[in-house]
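Comments concern the structure below.
The values are calculated or read from the model by the stated rules, or taken from the named source; none is laboratory data. Worth saying up front: this structure is predicted, and the values here are computed from it rather than measured. Note that we place each Cβ from the backbone using ideal geometry, even for glycine, and neighbour counts take in every protein chain shown.
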Amino acid sequence: MDKKAIFFDKSKCVGCQACIIACKIKHHASPHPVAPPEGDPKGLSPINVHEYGPVIKGDRVFMYYQPLACMHCQDAPCLQACPETAIYRDEETDVVLVDRERCIGCKFCLWACPYGAPHFDDQGKMVKCDMCVDRLRQGKPTACEAVCVASAIMVRAPEEIAKIQAGKAADRVMKEIPD
Amino acid sequence: MSDERIVKSTCCNCHGGCGVLITVKDGVIKGIEGNPQSTTRGTMCAKGLASIQETNNPNRLRHPLKRVGARGEDKWVQIGWDEALDTIANRIKESSAQFGPNSVVTGQGTGRGYNLFTLRLASTIGTGNMMGPAHVCYLPRLMVYTISVGARLMPDFHGWGGDFPKTIVAWGRQTEITNSENEMAVWFLDALAKAKNLIIVDPKTTRLTSRANLWLQLRPGTDAALALGMMNVIINEGLYDKEFVADWTHGFEKLRDRVQDYPPEKVAEITWVPKEKIIKAARMLATDSPTAFNVGQALEASNNCTQNNRAMVCLMAITGNIERPGSMVNWMLTEAGQLEDFGREIKITPEARDGMAGGDKFKLGVMGRFSNPDTIFRKLREDDPGRARVMHLHGTNPLLAYADTKAILAGLLKLDFLSVADLYMSPTARYADIVLPVAHWLESDGVWDEHGLFHFSAMVKAVEPPGEARSTYWIYNELGRRIDPKYWFDTVEQVFDYFIRRSGLTWEEFKKIGFLKKTGKEQKYYKYKTDYWRKGGGFRTATGKVELYSTTMEKYGYDPLPHYLEPNESPYSTPELYKQYPLILSASLRTPYYFLSQYRQIPWLRERHPDPTVLIHPETAGAMGIENEDWVWIENQRGRVKQKAKFFAGLDPRVVMAQQAWWYPERNNEESLLESNINVLTTSDLPPDPATGATTFRALLCKVYKVEEAANG
Amino acid sequence: MKIVIIGYGPAAVRALAAIERHVRLFPGQRPDVTVISAEKTGPYSPMFLIKFATGQLIRDQLSLKPEGGRYSFPFHELLGHPAVGILDKEKKVILQDGREIGFDRLLIASGAAPVVPSIKGIGKEGVFFLGRLQDAERIARALPQAREVVVIGAGAMGMEAAIAFDRLGKKVRVVEFLSQLLPKTLGAKMAEYVQGRLEARGMEFWLGCAVAEITGANKATGVVTNCGRELRGDMVLLTAGVRPSKDFVQDTTIETNQGICVNDRMETSIPDIYAAGDVAESKNRQGFNELVFNWYSAIDQGWVAGGNMMGQAKNFLFCPLLSALKEIEFPVLSIGKKGAEDTELLSRYERKKGIWEEIYVRNGFVDCYQAIGVRDKAGLFYTLIKSRKKVESLKKVLLTDGFNATGLIS
């Protein structure tokens, strides 16, 4: 099984948030939502969609939706930050996973993660995107990737993702944000 | 060893019908995902996925109920199905006998695959009064296509003819997140990825506007003017498809004359779209073809509904974008054939035809067999002798969907008998005499025919419904049998067998296959060049051509050419009113999580969007001291409702857009019905569209101000 | 090569992990490692002592374990043997029992210990500090009998303890010398807000008060402040700050200030001697010395020190201070420190969402981020502040809900 990386394409996302619901189904496998942590109205969603805009500048409209789950970073700050060594890397797929038995819900991973990927369930344990590692092992797409009408989520081998990302340079992203 | 299986079915949470795979374990649904083998390739939306929270939802109706106490008191006693169905059937028969069949109204809401059952039931009863929101929803487009082109047109996002659209025009439509109406988001977005140009016509930015080549931010209600202005440019600059126009259209010269009344300067003033953009858009869609027009319901919720759509058809036709690959195409049907026959084969009687509410006025409206809801409720309010006495509703909320909620309620209360079939105790069901619990699509077998006609699929039951809830199809069959058994069947399976008989398959066989489709090379383009519609070629219209000048409209006494009509209430038509109510209100804002009044009680959807929202420009709000997420009153001379303001820069500061059909399942009563439901502000008293009876939902006037909190916490 | 590590906290454990990683890549370079710890307990997470004392964690969860559960190379542990001196020229560490442990390279990771202010009555029973595991054990034993607790010091540690005690149903009175709670890490207005919310739960705050005396005969019954107010408490917890535990280097020539000074390779002024963690004083991004008592800083420093002792040339990127109160319904987060002059404040206050953010920007960098009610942007701002990413062009979006890290982190 190949190593996998994930790419969330905001140039394609239409903010329908089907990925959020698909992820909840996959992770909770229950018709009822896991109780949301401390007053967070959106509930527990390992994947989130950030909305920006619309901002109108003359004739240009800036609006995008950025889906974001976990980037499964190579040098994962969450993994390094965990005092209980509860976060680890799956050898086969390179996916970053969490051992719920060891997790004490201290949130040190949350503050280390630039993407806000860790979430905490009603038992205080960390839950985050696991890149549907069980589906990956069956050769299936992740739940979010499968359901996306806009083809905005891609799970591929890391080299492929790197190529796609190079094609959508971060600089171009920065240029798009108006002063 | 636990029993886990995968059921292949079709989602029914909107018109779309995405293919789904349902994981069921020990009789409980564990997962819902899209079916990668279906035409929608495994994609879905938030609504369909969240239906996993509908089967066990505590708000579900579980037993047939009979009212005790006053109507709307919400006091019920549980009864058995036989008593419920017998009562409804008997009331229908008695009313029919005493006041004539037209005194019975069968009604439904937005299509969910059983339109033809409602029609068949109405025909069984012999009433001309099948009621639905059709006058503002899809029927106008359908009728306009029928009379102009002889066949319904869809944008070709599939490329089966070898070409994808080069230009896509999204006109008042957000297929990427809402109402598929036979065109699915995934096909649309795939085609968009291949298109060169995207032109968006919408008073607000959509999720695709940042990618559009052109965004025409038009004033709500001015669509016809814009289309006519574009045609002015296209015709006067000679950019039209000369061959198609010459060989296949009727009335071009008359259209040419008409569009001279709409030069870009004038259209710019009417629509608030800069002249240069109008010209640029017109040139782009005419020359960078094939062009597909994705036209939305927005054009129909207007007093100029018919002409809005007539203008669109003319625009399609003069640019040669009919039946050409990558343009507007009429899809050929599957082997199951013309499924509409299930509803239409029982001929409408002259008595029924004459008794259609609004039939005397709204000739196009009644062509689709739907009578006019506003007329039905007005007759009730006014004690008109020809009014409805008995109403049976299935999956509809007139109190939320139709204009002027208070007027609808007044009419509803005057009915002799009201029965409502629904999954939940809806605001309308609260006023019923009998309520029937309906099973969800996850809990039902069924035939799903809302797709683009090239596709037709099976709905397969995955789990048992809660309590005694039964499927829509079973309910219709049981009612039908009691009224006139000759049109109905012994079992639901037989119903389905009959429904799909032309395919040569039985229901059991069809269920196993899951779908029928006609795609790829099986679809033919340029059908008008063959004998498909007419021997020797042509379209199935009176003249055999695409009627730019509509002989049918002329026959019925309507303007045979498209024209622009100012909305009933606007800065220009009612300047005095505008002084008091200085904002243009569009009362139909959509979200990806709800479908009109549906899904407020689904936790995973409600948490995405907990409150009714009105979009307002930050400058407009700032001038009134309104902060983002403040609760505000939206008010006009007919009343006021409260919604949460959301700052939105993608709107003209003079326009606000309020969400439609809001109610609060957690406190379902008369007070909350009137709290945030924007239809408190709409009306059916002002002139509707003359041909379809369409009411205005998208261009009204209002004022907005902050809700002052009584005691600040 | 002989490596000696003084200390067995987060920095020391991460140094071991760095050595372990090096050894896995270069098995021939395995050093001889000795860890010297004043405590007998083995390595544990000192930042969890309150959680342990209040029963939120069990002893096993307090231990710092190696990745994978065990180390792949053996090393010596000298537990319960405090270091009392260093002979830097002879490269020896002197233990309390007189033994001398030789080293080729030394890592001082002895941490920091509570400041013991001179308050009358501080030796009474019922007065607690929170420096070591045994302090936490004492607190845990005394808590069931305590009904009212006085917490001296409203810094991050004091506040965490106060809230934890409050959650256990104790009546908590917090006394703080400065004029607000969290005086070093939170802006005055935010502190006022947090105080109000906590007072609404029944906690008491006595600000701008110094404690004159701890009352009681043999056992503490409370405190008296310097303005004469009496505050009852059958337990008194002193959190008056910590200071680096470096006394044992005083006879060496190691450059010290408040802590042991290090460069960004974790080297002290003496070659082959490194320092990491709470005991180390490094230079912040402005070039000034700064002490940071913080898990992230300790593990980063330990990792760098460990790698550099094995001959690598890693650099440490200064970790901004991060303090968080999260056991309350509106998380309070503070990252970095406000600069003095030329600081622009971008703030966002959305009452309905319960969000209050203040971002301090200076010369195009984010220096400090303080927020109430924000959960998922903490790591984003931590990374922005630490990596010194220029935010000039981002100022408009910093405060929006949609601001996220994609496109910023390469």
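Can you pull out every residue in the range C:316-347 that is within 11 Å of another protein chain (Cβ to nearest Cβ) and either more than 17 Å from C:Thr185 (Cβ to Cβ) or over 27 Å from the mean Cα position of the chain (by Cα) (or both)?
C:Glu329
Exactly one of these conditions fails for B:Thr40: (1) assigned to a loop (DSSP other than H, G, I, E, B); (2) surrounded by fewer than 22 Cβ atoms within 10 Å (Cβ to Cβ). Give me its number.
B:Thr40 satisfies all of (1) assigned to a loop (DSSP other than H, G, I, E, B); (2) surrounded by fewer than 22 Cβ atoms within 10 Å (Cβ to Cβ) except (2).
Matching residues to (1) buried (at least 23 other Cβ atoms within 10 Å of the Cβ); (2) closer than 26 Å to B:Met553 by Cβ:
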site: B:Val201; (1), (2): yes, yes
site: B:Thr205; (1), (2): yes, no
site: B:Ala212; (1), (2): no, no
site: B:Met231; (1), (2): yes, yes
site: B:Ile235; (1), (2): no, yes
site: B:His250; (1), (2): no, yes
site: B:Leu255; (1), (2): yes, yes
site: B:Ala268; (1), (2): no, no
site: B:Glu276; (1), (2): no, no
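Does the range A:100-112 contain any residue that is more than 10 Å from every other protein chain (Cβ to nearest Cβ) and either surrounded by fewer than 19 Cβ atoms within 10 Å (Cβ to Cβ) or at pLDDT 90 or above (or both)? Walk me through it before giving the result.
Start the filter on the range A:100-112 by keeping residues that are more than 10 Å from every other protein chain (Cβ to nearest Cβ), which leaves A:100-101.
If we keep only those that are either surrounded by fewer than 19 Cβ atoms within 10 Å (Cβ to Cβ) or at pLDDT 90 or above (or both) too, we end up with A:100-101.
Scanning the range A:100-112, I find at least one residue that is more than 10 Å from every other protein chain (Cβ to nearest Cβ) and either surrounded by fewer than 19 Cβ atoms within 10 Å (Cβ to Cβ) or at pLDDT 90 or above (or both), so the answer is yes.
Given the conditions (1) modelled with pLDDT of 95 or more; (2) in the same structural domain as B:Ala97 (by TED's automatic domain parsing), and given that B:Arg310 satisfies all but one, which numbered condition is not satisfied?
(2)
Would you confirm whether or not the range B:214-221 contains a residue that is touching a residue at least 12 places away in the same chain (Cβ under 8 Å), crowded, with 24+ Cβ neighbours inside 10 Å, within 21 Å of B:Arg283 (Cα to Cα) and at the interface with chain A (Cβ under 10 Å from one of its Cβ atoms)?
yes
Looking at the range B:44-132, what helices (runs of 4 or more DSSP H) fall wholly within it and have at least 3 residues that are closer than 30 Å to B:Ile177 by Cα and in contact (Cβ under 8 Å) with a residue 40 or more places away in the chain? Full working, then the answer.
Working: elements: B:46-50, B:81-99, B:115-125.
The helices (runs of 4 or more DSSP H) meeting that bar are B:46-50, B:115-125.
Run A:Cys148 past the list (1) touching a Leu at 6+ places or on another chain (Cβ under 9 Å); (2) within 8 Å of another protein chain (Cβ to nearest Cβ) and report the number of the one that doesn't hold.
Only one criterion in (1) touching a Leu at 6+ places or on another chain (Cβ under 9 Å); (2) within 8 Å of another protein chain (Cβ to nearest Cβ) is unmet by A:Cys148, namely (1).
Condition check ((1) at pLDDT 90 or above; (2) closer than 25 Å to B:Gly113 by Cα; (3) assigned to a loop (DSSP other than H, G, I, E, B)) across all residues:
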site	(1), (2), (3)
B:Ala317	yes, no, no
B:Met332	yes, yes, yes
B:Glu335	no, yes, yes
B:Met356	yes, yes, yes
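Just give me the residues in the range B:630-647 being within 28 Å of B:Lys406 (Cβ to Cβ) and within 14 Å of chain A (Cβ to nearest Cβ), in sequence order.
To start, the set of residues in the range B:630-647 that are within 28 Å of B:Lys406 (Cβ to Cβ) comprises B:630-646.
Result: B:Lys644, B:Lys646.
Quick one: in the range A:38-49, of everything that is in a loop (DSSP other than H, G, I, E, B) and either facing chain B (nearest Cβ under 7 Å) or at pLDDT 90 or above (or both), which residue is farthest from B:Arg608 (Cα to Cα)?
The extreme case among them is A:Ile47.
Given the conditions (1) touching a Phe, Trp or Tyr at 6+ places or on another chain (Cβ under 8 Å); (2) crowded, with 19+ Cβ neighbours inside 10 Å, and given that A:Arg156 satisfies all but one, which numbered condition is not satisfied?
Answer for A:Arg156: the failing condition is (2).
Given (1) buried (at least 22 other Cβ atoms within 10 Å of the Cβ); (2) closer than 26 Å to B:Trp663 by Cα, where does B:Pro603 come up short, assuming only one miss?
All conditions are met except number (1).
Six or more apart or on different chains, Cβ atoms under 6 Å: show the pairs whose first residue is in the range C:287-309 and more than 14 Å from every other protein chain (Cβ to nearest Cβ) and whose second is assigned to a helix (DSSP H, G or I).
Close Cβ pairs (under 6 Å, with a partner that is assigned to a helix (DSSP H, G or I)) amount to C:Phe293/C:Asp278; C:Ala305/C:Ala15.
Answer yes or no: is there a residue in the range C:68-76 that is at pLDDT below 95, in a strand (DSSP E or B) and within 14 Å of chain A (Cβ to nearest Cβ).
No: zero hits.
Only one residue in B:Ala170, B:Ala227, B:Ala151, B:Ala185 is away from every other protein chain (no Cβ under 13 Å) and surrounded by 24 or more Cβ atoms within 10 Å (Cβ to Cβ), so which one is that?
Working: B:Ala170 fails: away from every other protein chain (no Cβ under 13 Å); B:Ala151 fails: surrounded by 24 or more Cβ atoms within 10 Å (Cβ to Cβ); B:Ala185 fails: away from every other protein chain (no Cβ under 13 Å).
The unique qualifying residue is B:Ala227.
So B:Thr375 fits all but one of (1) touching a helix residue (DSSP H, G or I) at 6+ places or on another chain (Cβ under 9 Å); (2) in the same structural domain as B:Tyr487 (by TED's automatic domain parsing); what number is the exception?
Result: B:Thr375 passes all but (1).
In this structure, does C:Val84 turn out to be touching a strand residue (DSSP E or B) at 6+ places or on another chain (Cβ under 7 Å), under 28 Å from C:Cys261 (Cα atoms), assigned by TED's automatic domain parsing to the domain that holds C:Asn294 and of a type in the set (Val, Ile, Thr)? It would help to see each step written out before you state the result.
Numbers: touching a strand residue (DSSP E or B) at 6+ places or on another chain (Cβ under 7 Å): yes; under 28 Å from C:Cys261 (Cα atoms): yes; assigned by TED's automatic domain parsing to the domain that holds C:Asn294: yes; of a type in the set (Val, Ile, Thr): yes.
Yes; evaluated as a whole, the condition is true for this residue.
Restricted to the range B:648-669, and to residues that are surrounded by 18 or more Cβ atoms within 10 Å (Cβ to Cβ) and within 14 Å of chain A (Cβ to nearest Cβ), which residue is nearest to B:Gly109 (Cα to Cα)?
Of all residues in the range B:648-669, those surrounded by 18 or more Cβ atoms within 10 Å (Cβ to Cβ) come to B:648-651, B:655-665, B:668.
This time we only want the ones that are within 14 Å of chain A (Cβ to nearest Cβ), so: B:648-651, B:655, B:657.
Details: B:Phe648: 31, B:Ala649: 33, B:Gly650: 31, B:Leu651: 30, B:Val655: 28, B:Met657: 23 Å.
So the residue we want is B:Met657.
Of the numbered conditions (1) crowded, with 16+ Cβ neighbours inside 10 Å; (2) touching a residue at least 40 places away in the same chain (Cβ under 8 Å), B:Phe489 satisfies every one except a single condition; which is it?
All conditions are met except number (2).
Take B:Ala421 and decide whether it is buried (at least 24 other Cβ atoms within 10 Å of the Cβ) and either in a helix (DSSP H, G or I) or not assigned by TED's automatic domain parsing to the domain that holds B:Ala691 (or both). Break it down into steps so the answer makes sense when it comes.
Working: buried (at least 24 other Cβ atoms within 10 Å of the Cβ): yes; either in a helix (DSSP H, G or I) or not assigned by TED's automatic domain parsing to the domain that holds B:Ala691 (or both): yes.
Considered against the rule, which asks whether it is buried (at least 24 other Cβ atoms within 10 Å of the Cβ) and either in a helix (DSSP H, G or I) or not assigned by TED's automatic domain parsing to the domain that holds B:Ala691 (or both), B:Ala421 comes out as yes.
Residue under question is B:Ala621, and the condition is that it be part of a helix (DSSP H, G or I), in the same structural domain as B:Ala699 (by TED's automatic domain parsing) and in contact with an Asp or Glu (Cβ under 8 Å, 6 or more places away or on another chain); does it hold? Working first, answer last.
Working: part of a helix (DSSP H, G or I): yes; in the same structural domain as B:Ala699 (by TED's automatic domain parsing): yes; in contact with an Asp or Glu (Cβ under 8 Å, 6 or more places away or on another chain): yes.
It is true that B:Ala621 is part of a helix (DSSP H, G or I), in the same structural domain as B:Ala699 (by TED's automatic domain parsing) and in contact with an Asp or Glu (Cβ under 8 Å, 6 or more places away or on another chain).
Being surrounded by fewer than 19 Cβ atoms within 10 Å (Cβ to Cβ) and at negative phi, is that true of even one residue in the range B:317-328?
We begin by selecting, within the range B:317-328, every residue surrounded by fewer than 19 Cβ atoms within 10 Å (Cβ to Cβ); these are B:325.
Among the residues that remain, those that are also at negative phi are: B:325.
Yes: the range B:317-328 contains one or more residues that are surrounded by fewer than 19 Cβ atoms within 10 Å (Cβ to Cβ) and at negative phi.
In this structure, is B:Thr428 out of contact with any helix residue (DSSP H, G or I) (no Cβ under 8 Å at 6 or more places or on another chain) and assigned by TED's automatic domain parsing to the domain that holds B:Thr118?
On the way: out of contact with any helix residue (DSSP H, G or I) (no Cβ under 8 Å at 6 or more places or on another chain): no; assigned by TED's automatic domain parsing to the domain that holds B:Thr118: yes.
Taking the combined requirement at face value, the residue does not satisfy it.
May I ask you to list the residues in the range C:372-387 that are surrounded by 24 or more Cβ atoms within 10 Å (Cβ to Cβ) and more than 7 Å from every other protein chain (Cβ to nearest Cβ)?
Scanning the range C:372-387 gives C:Phe381, C:Leu384, C:Ile385.
Confirm whether B:Ala458 is more than 25 Å from B:Phe697 (Cα to Cα), outside the structural domain of B:Asp497 (by TED's automatic domain parsing), in contact with a helix residue (DSSP H, G or I) (Cβ under 6 Å, 6 or more places away or on another chain) and modelled with pLDDT under 95. Don't jump to the end; show me each part of the working.
Working: more than 25 Å from B:Phe697 (Cα to Cα): yes; outside the structural domain of B:Asp497 (by TED's automatic domain parsing): yes; in contact with a helix residue (DSSP H, G or I) (Cβ under 6 Å, 6 or more places away or on another chain): yes; modelled with pLDDT under 95: yes.
Yes: the conditions hold for B:Ala458.
With C:Leu380, C:Leu394 as the choices, which residue is among the aliphatic types (A, V, I, L, M), within 21 Å of the chain's Cα centre (by Cα) and not assigned by TED's automatic domain parsing to the domain that holds C:Ala188?
Numbers: C:Leu394 fails: within 21 Å of the chain's Cα centre (by Cα).
One residue alone meets the criteria, C:Leu380.
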